[in-house]
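The block underneath contains the structure these notes are about, expressed in C-alpha cells.
The values are calculated or read from the model by the stated rules, or taken from the named source; none is laboratory data. All values reported here derive from a predicted model rather than from experimental measurement. Ideal geometry is used to build each Cβ from the backbone, glycine not excepted, and the neighbour counts take in all protein chains shown. Note: areas computed on protein heavy atoms with side chains; ligands, DNA, RNA excluded. Shrake-Rupley method; radii C 1.70, N 1.55, O 1.52, S 1.80 Å.
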Amino acid sequence: MTKWEYLTAPVLIHNTQAILNNFGRDGWELVAVTSGANGEELVAWFKRPVQG
C-alpha cells in the first residue's frame, strides 16, 4: 500500500510556473490550488509517495 506525505505552499501569482516546476522536480504532485486565509493569496496542495 502506498503511503503519502503532503505539503502546502503559498503560490506567488507572478512566478507560478517556476514555483510549481521546482516542487515537481522534487517529486511533488500538485493536487489542488485553493485561496488562502485572507482570500487574496493562493495555496498549492501537493503529495508524493513516502520514500523508504
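Odds and ends about this structure:
- Counted by Cβ distance under 12 Å from W28, the other residues give a net charge of 0, where Lys and Arg count +1 and Asp and Glu count -1.
- Cα-Cα separations in the chain greater than 12 Å, expressed as whole percent: 64
- Heavy-atom accessible area per residue - the chain, 1.4 Å, Å²: 79
- For the chain, the longest principal axis of the alpha carbon atoms and the long axis of helix 16-25 meet at an angle near 10°.
- Here the chain exposes an accessible surface that is 53 percent carbon and sulfur, computed with a 1.4 Å probe and the other protein chains kept in place.
- FRET efficiency for the E5 to E40 pair, using the beta carbon distance and R₀ = 30 Å, is estimated at 0.60.
- Neighbour cut-off at most 14 other Cβ (10 Å), DSSP loop, GluC sites (Glu not before Pro), the chain: E40, E41
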